[in-house]
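The values are calculated or read from the model by the stated rules, or taken from the named source; none is laboratory data. Being a predicted model, the structure only gives us computed values, none of them experimental. Ideal geometry is used to build each Cβ from the backbone, glycine not excepted, and the neighbour counts take in all protein chains shown.
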Amino acid sequence: MNLRWYINLLLLILLGVISLPYWISDLWMDELVSLGDYWTQPNFWDIFMTYPMANNHILFSAEMWCWVRLVPDPTSEWWLRMPLMGHLLLLWLILWCHRNRFSQTYWLLILTFLLSPVLFNFLFQLRGYSLSLVLATLSTLGCIEMLEKNSHGFWKVFLGCVLLPGIMPTNGLFLISLWLFLGIEFWRTHESKIQWIKWCILAFGMGIGSFPYLCMGGKFFTVMQSPWGWENSWAALGNLFLGLFVHLFIPCMIWLIFCLKKKIMLVERSISTPKYWIWILLCIAGIVIPIFLRSPSPFPRVFLVFFPIFTMLFFLYLEALWNKAANFLTKNWTLFYLLIFLLHYFAVIDITNMIRNAKVAVGDAPQNLLEQYYRFSQDASKTIQTITATYSPDSIWLVADFHQWLALRHYGMLAGIPPERILDARNIAYYPNIPELLKQEGCVLWIASDAQTAFAIMPHGVAKPNRLRAMFGHGMYQVFVLIP
């Protein structure tokens, strides 16, 4: 067994260790919506027609619909997240199969994808992001091969065209940028009719992939006008490019050192070809236009599908630069790369966790590319354990803030608390017996991230500072009671 296999084994073990906090963390709001509304549909085909909001990642939901019927315990976070490890290994396999294209920078590329503090947050979410990243990586490599007249490239892109739109509608923006780029290149290089026929077939593939949304008709466009998103378009765009910078930070630093040491221009004309700049501009347009066209702006995470394009094009340039000025940080430095990427990963995670915790402490619930209020969290399940150890499940009512309610309801049901006793604070006015319950000391538990938020979710006239007592809690799940 040569050194390469030992390094692969070491990386696999490290991925298992690093991913453990993601495997065992509590399910969060969007994951629980998907579990309750889509993966447990009685009929498989209902998944393709159920679209009450834009969080049904349809093909991923179809995959999970099958998975929850195969696993021994569909309520276990460990079992539910197992397909995500499959996606991660599939991404690794795709990159390994194309290792000859990146013979000098292969390990840098692998580590950039697999130890990215940005991508890792979403590779282990029970959403369609991991599957989208796998298919986007395959399609990007296929597009590059199509330009080189490699027949396998067409089928890789076609597979992406058929499958990517069915995961998330915004994946279509990625495909449109890729498709337009191929069209421009075919026109610029006067390609044969065969290539143009393939180009038209790719458009047909995108149509097939969009079929579930076409069947929904007007309902789909109504959902797309939902008020969920980022109010500030510039903040959304800034967070997206900040995430891309953090994702590519180590390769960029190595590139900069490389250029300074070899005294090579940062943009080498003989290496950076115009065609890839066209693709980059099309991708930027595919991101910027919807961010500023839609109000509120889409969440930055839906544009993660573009990260493989930016990453691959940067590494194509880096590979060519490496070949031009060899003997700098050669393949023998793989373990050094691994150490640097690990330090970068843990530094970013620690810094963003501190920022996240400070925001959560004052009632915020950050959801961006670098901070997620639910990351590594087991606060909901621990809070339910404390509640059931302190109270009888049939003697209490729980009223929770919007971001806490679904998780508390899920883990409360697993602990034996009747689901009708776990209430969403937004709908508390629809429970006529609440005023009577409030007269009983300690009967109603209010769960929020801080006292101010607990006051905010209480009915008008109930929230008096001298009546609120903090009992216990974990993280953003703090438990309060009203006293006479």
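A few comments on the model shown:
- Hey, Gly172 in the same structural domain as Trp322 (by TED's automatic domain parsing), in contact (Cβ under 8 Å) with a residue 40 or more places away in the chain, over 30 Å from Ala347 (Cα atoms) and outside any loop (DSSP other than H, G, I, E, B) or not: no
- Residues satisfying the stated conditions in region 2-59, i.e. of a type in the set (A, V, I, L, M, F, W, C) and in contact with a His (Cβ under 9 Å, 6 or more places away or on another chain): Leu27, Trp28, Met29, Leu32, Leu35
- Among the residues making up region 225-239, those that are buried (at least 17 other Cβ atoms within 10 Å of the Cβ) and either modelled with pLDDT under 85 or out of contact with any Lys or Arg (no Cβ under 9 Å at 6 or more places or on another chain) (or both) are Gly229, Trp230, Ala236, Leu237, Asn239.
- Of all residues in region 143-153, those satisfying the criterion of being of a type outside the set (Ser, Thr, Tyr) and surrounded by fewer than 22 Cβ atoms within 10 Å (Cβ to Cβ) are Ile144, Glu145, Leu147, Glu148, Lys149, Asn150, His152, Gly153.
- Failed item in (1) surrounded by fewer than 19 Cβ atoms within 10 Å (Cβ to Cβ); (2) within 25 Å of the chain's Cα centre (by Cα); (3) assigned to a helix (DSSP H, G or I), with Leu256 passing the rest: (2)
- Residues located in region 231-253, provided they are part of a helix (DSSP H, G or I) and among the polar types (S, T, N, Q): Ser233, Asn239
- Taken across region 98-107, residues that are under 21 Å from the mean Cα position of the chain (by Cα), part of a helix (DSSP H, G or I) and surrounded by fewer than 20 Cβ atoms within 10 Å (Cβ to Cβ) do not occur at all.
- Residue match in region 161-176 (condition: crowded, with 23+ Cβ neighbours inside 10 Å, of a type outside the set (Asp, Glu) and within 16 Å of His98 (Cβ to Cβ)): no
- Meets criteria (among the β-branched types (Val, Ile, Thr) and at pLDDT 85 or above) for Val267: no
- Residue check, Glu319 under 20 Å from His98 (Cβ atoms) and among the acidic types (Asp, Glu): yes
- Single match in Phe299, Phe346, Phe328, Phe315 (criterion: within 16 Å of Leu248 (Cβ to Cβ) and either surrounded by 14 or more Cβ atoms within 10 Å (Cβ to Cβ) or modelled with pLDDT of 90 or more (or both)): Phe315
- Here is the figure for region 71-111: residues that are among the small types (Gly, Ala, Ser) and under 22 Å from Met29 (Cα atoms) total 1.
- Which numbered condition Leu32 misses (of (1) at pLDDT 90 or above; (2) surrounded by 21 or more Cβ atoms within 10 Å (Cβ to Cβ)): (2)
- With respect to the stated conditions, Phe158 is more than 26 Å from Pro251 (Cα to Cα) and assigned to a helix (DSSP H, G or I).
- Pair list, Cβ under 6 Å, 6 or more apart: region 229-258 residue in contact (Cβ under 8 Å) with a residue 40 or more places away in the chain and assigned by TED's automatic domain parsing to the domain that holds Phe315, other residue in a helix (DSSP H, G or I) and of a type outside the set (A, V, I, L, M, F, W, C): Ala236/Pro300; Asn239/Pro300; Leu240/Pro300; Ile250/His344; Pro251/Thr112
- In region 390-420, the residues that are modelled with pLDDT of 85 or more, surrounded by fewer than 23 Cβ atoms within 10 Å (Cβ to Cβ) and of a type in the set (Ser, Thr, Tyr): Thr390, Tyr391, Ser392
- Counting only residues that are surrounded by fewer than 20 Cβ atoms within 10 Å (Cβ to Cβ) and more than 18 Å from Pro300 (Cα to Cα), region 365-389 holds 7 of them.
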